[in-house]
Amino acid sequence: MESNKRIVALINAALISSDIAGTIVTPDRQADILTTPKQRLFIRDLIARGKTQSNTIYYVKQKGFTNNANTVAENNAKPYSTIEFEEATVPVRAIAHMFKASKQILDDFSQLASLIDMEATLCHEIR
């Protein structure tokens, strides 16, 4: 038996879903909630946020940077770049907001509760 031969079968009367009466083909109901696009991510989104029990945060931030990178011939002095840091402080502040939703709808529609949690978290992050 040769396996490289092609077989052609003509179909004159194919059964398609629009030919079937009633609802034998179930409509596809998507359970997802379509939401608006979110803000793009930044480097700070990659840094874990922490908790504090203080009313002030002390941290170190970059104050300045001079980039002297350049091509240099072999055995010649390499240029130095500079970077400066300084200590900074910021007061701890509360960022809050609420959504109206009954306990029953949140219990019955758990995806809505997840969406509200996601939106609330995003609002805090971009604030």
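The values are calculated or read from the model by the stated rules, or taken from the named source; none is laboratory data. Quick caveat: nothing in here was measured; it's all calculated off a predicted structure. Glycine also receives a Cβ, built like all others from the backbone with ideal geometry; neighbour counts cover every protein chain displayed.
The table below lists the values:
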| quantity | calculated |
| --- | --- |
| Unique match (being in contact with a Leu (Cβ under 7 Å, 6 or more places away or on another chain), β-branched (V, I, T) and modelled with pLDDT under 80) among I105, I24, I33 | I33 |
| Those residues of the range 54-72 which are touching a residue at least 12 places away in the same chain (Cβ under 8 Å) and among the aliphatic types (A, V, I, L, M), in sequence order | I57, V60, A69 |
| All positions within the range 75-127 that are in a loop (DSSP other than H, G, I, E, B) and in contact with a strand residue (DSSP E or B) (Cβ under 7 Å, 6 or more places away or on another chain) | S81, V92 |
| Output for the range 54-108, where each listed residue is more than 26 Å from A120 (Cβ to Cβ), under 34 Å from the mean Cα position of the chain (by Cα) and among the charged types (D, E, K, R) | K61, K63, E84, E86, E87 |
| Matching option when the condition is at pLDDT 85 or above, exposed (fewer than 10 other Cβ atoms within 10 Å of the Cβ) and not in a helix (DSSP H, G or I), among V72, V60 | V60 |
